[in-house]
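Structure record follows, encoded as structure tokens.
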Amino acid sequence: MTDRQESGAAEKGRTNQQQRGVHTVEKIGGTSMSRARELLDTILIGKRKGDALYNRVFVVSAFGGITDKLLEHKKSGEPGVYALFSHADNEHGWMEALSAVSRAMHTINEDMFDEAADRHAADDFVRERIEGARGCLIDLQRLCSYGHFQLGEHMQTIRELLSALGEAHSANNLALLLRRSGVNARFIDLTGWRDETQPSLNERIQQAFDEIDLSRELPIVTGYSQCREGLMREFDRGYSEVTFATIAALTGAREAIIHKEFHLSSADPRLVGPENVRKIGRTNYDVADQLSNMGMEAIHPKAAKKLRQAGVPLRVANAFEPEDPGTLIDAEPADGAGVEMVTGLPVTSLELFEQDMVGVKGYDAAILESLTRHRVRIVSKSSNANSIVHHLEATLKSVRRVERDLAERYPAARITARRAGMVSVIGRDLTGLGVMLEGLKALDASGVEPLASQETGRGVDVQFLVRSEDLEKAVKALHRAFIEEGEETLKEAA
């Protein structure tokens with residue numbers, strides 16, 4: 001979507017918000033969806049009755065683990081149906097993997113539904129979608145056995161087809177469960193199943209919502225939306241948040257809400273201890289972008305952009321603590337300076353050193369071209385007269401490819417890569433707090449020797465590079481200094 005189109009969509013969102021502005025658009029992630037029956041007693045129904053059940057839209061992800069089985073495991077890389085199909089010499093590997101997905105979905109259905117009629121309806125739905133997808137893959141494999149058709153040209157479409165199976169399953173199941181509980185829930189399928197048209201994302205959403213009465217229907221919407229733009233081409237597995245944000249913007253939602261299993265906190269409670277973290281409570285989209293850069297997404301940056309342009313605030317809430325308002329994210333600046341979060345990320349520091357670099361242009365552009373071509377994400381960078389360092393979130397294999405490219409282009413350069421840890425201290429306004437100095441003191445006191453530190457001057461984050469084995473220790477030390485011991489120390493130091 002072009003900037004002009006996004007601006008137009010945002011303007012329409014603002015107009016709708018002025019006209020309606022009473023409903024919320026809410027997203028439930030895969031891990032929370034796996035506890036769907038518990039959600040009936042919290043965010044889905046809870047103490048609500050009558051009209052209070054409506055004027056809400058729920059966008060759902062696939063049940064936990066299903067997308068990993070359909071594509072590939074997000075963390076380990078273990079191949080799913082998609083990965084097996086893309087490298088298959090025969091049908092057996094991917095077909096068995098697809099059957100395993102079917103069995104996993106049927107197991108979810110069995111656990112989710114007490115009523116046989118609901119369970120049979122859910123099983124029939126799974127059977128139709130799985131066997132339909134199986135038929136598509138078999139036909140495509142047969143077609144591509146002829147030299148005129150190349151399988152690689154269709155793999156992105158296959159990835160989208162398979163991913164859509166998970167979201168359709170979870171949305172259909174949740175609608176069934178809610179209807180059994182007396183709620184007028186409506187399954188909204190944006191996956192384009194057996195749809196011969198190719199609408200844009202905005203068009204597909206607008207068509208789906210044209211006939212919905214939010215005052216008396218509760219839409220349960222697939223997180224995946226098939227559209228002309230191809231969501232997975234740009235966002236891969238972040239597509240559900242883009243769908244969620246687009247619905248909120250186009251329908252003029254009063255508020256967009258993401259339900260997680262935890263609060264947006266000052267650090268990872270598993271690392272610094274749940275007794276030491278604090279709920280953030282209020283922040284802005286600038287901080288949300290910094291969190292995304294550090295691999296700790298409150299929301300995908302492109303989804304945040306849609307909400308920000310449409311003037312829709314975002315709330316991150318705990319799905320299992322419905323009375324707690326969670327954390328509100330909007331476009332407002334902070335009332336005063338303060339640290340809000342400390343987070344860390346393992347990185348690979350790629351350094352290109354060449355004595356003749358000083359005063360010569362082109363090195364940075366060449367490095368960026370190679371990083372872009374190999375789809376390597378840059379977390380941060382720094383440079384001096386004869387060296388450029390990029391701190392990357394990437395696999396070792398991808399970094400080695402970049403190294404080979406640069407070695408061929410600059411044979412006299414010394415190129416090194418080493419594992420490290422990047423720790424970021426983040427807040428809406430860090431000005432006047434001396435975060436750099438106090439952070440270095442805290443690291444020194446804890447026995448961590450920083451490799452580098454930097455800030456951009458915008459006053460929203462300060463980054464500390466440490467040895468990879470010191471990453472967790474550094475996060476704990478900085479969180480203790482800036483959060484647990486309070487900001488009074490910072491103000492006194494300033």
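Can you give the net charge of the other residues whose Cβ lies under 12 Å from the Cβ of Glu211, counting K and R as +1 and D and E as -1?
Combined, the nearby Lys, Arg, Asp and Glu give -2.
Between Asp114 and Asp213, what length comes free when the chain is fully extended (0.36 nm per residue of separation minus the Cα-Cα distance, one decimal in nm)?
So the extension gain works out to 32.7 nm.
With θ set to phi - 60° and the Karplus curve 6.51 cos²θ - 1.76 cosθ + 1.60, what are the ³J(HN,Hα) couplings of segment 291-299 in order, to the nearest whole Hz, using x for Gly and Pro?
Residue by residue, segment 291-299 yields 5, 4, 4, 8, x, 10, 6, 7, 7 Hz.
For segment 448-460, in order, what is each residue's ³J(HN,Hα) by Karplus, 6.51 cos²θ - 1.76 cosθ + 1.60 with θ = phi - 60°, in whole Hz (x at glycine and Pro)?
9, 9, x, 7, 6, 8, 7, 9, 8, x, 7, x, 10
Given 0.36 nm per residue, what is the gain on full extension from Arg404 to Gln198 after removing their alpha carbon distance, in nm?
Using 0.36 nm per residue and subtracting the Cα-Cα distance, I get 70.1 nm.
Would you kindly derive the ³J(HN,Hα) couplings of segment 421-432 from the backbone phi angles with the Karplus curve 6.51 cos²θ - 1.76 cosθ + 1.60 (θ = phi - 60°), listing them in order in whole Hz, with x for Gly and Pro?
Those phi angles translate into x, 10, 10, 10, 9, 10, x, 4, 8, 9, 5, x Hz.
Just need the relative contact order of the chain here, percent rounded to a whole number, with Cα pairs under 8 Å and 6+ apart.
15
Suppose every Lys and Arg Cβ carries +1 and every Asp and Glu Cβ carries -1, with no other charges. What dipole size does the chain come out with about its Cα centre, to the nearest 20 debye?
380
Among Asn109, Gly230, Ile258, flag the residue with its Cα farthest along the positive direction of the charge dipole of the chain, charges on Cβ as +1 for Lys/Arg and -1 for Asp/Glu.
Going by the charge dipole, the pick is Gly230.
Taking the Cα centre of segment 32-173 as origin and charging only Cβ (+1 Lys, Arg; -1 Asp, Glu), how large is the dipole, in debye to the nearest 20?
Dipole about the Cα centre, nearest 20: 480 debye.
So for each of 409-421, 296-308 I average, over its residues, the number of other beta carbons within 10 Å; can you give me the resulting order with the highest mean first?
296-308, 409-421
Quick one: P(r) of segment 79-210 from all Cα-Cα pairs, 10 Å bins, percents rounded to integers, in order of increasing distance.
Here the calculated profile for segment 79-210 is 11, 37, 32, 17, 3, 0.
Using modelled amide H (1.01 Å from N, peptide plane; none on Pro or chain starts), what sits under 5 Å from the amide H of Val59, excluding residues fewer than 5 places away?
Glu26, Lys27, Ile28, Val221
Taking R0 as 30 Å, what's the FRET efficiency between Asn386 and Leu437 from their Cβ-Cβ distance, rounded to 0.05?
0.60
So I have [x] 68, 60, 42; [y] 64, 59, 49; [z] 72, 62, 38, and one of them is Cα extents along the principal axes in Å calculated from this model. Which one is it?
[x]
Report the FRET efficiency, 1/(1 + (r/R0)^6), for Arg270 and Leu143, where r is their Cβ-Cβ distance and R0 is 51 Å, rounded to 0.05.
The value I calculate is 0.60.
On a 28 Å Cα-Cα criterion, which of the cross-link pairs Lys361/Lys381; Lys306/Lys441; Lys260/Lys397 come out too long?
Going by Cα-Cα distance, Lys306/Lys441; Lys260/Lys397 fall outside the 28 Å limit.
What residues have an amide H closer than 5 Å to that of Glu72, excluding those fewer than 5 places away on the same chain, when H is modeled at 1.01 Å from N in the peptide plane?
Under 5 Å from the amide H of Glu72 lie the amide H atoms of Gly80, each far enough along the sequence or on another chain.
Read-outs throughout are calculated quantities, based only on the coordinates presented, and are distinct from any laboratory measurement. What you see is a predicted model, and the numbers here were worked out from it, not measured in a lab. Note that we place each Cβ from the backbone using ideal geometry, even for glycine, and neighbour counts take in every protein chain shown.
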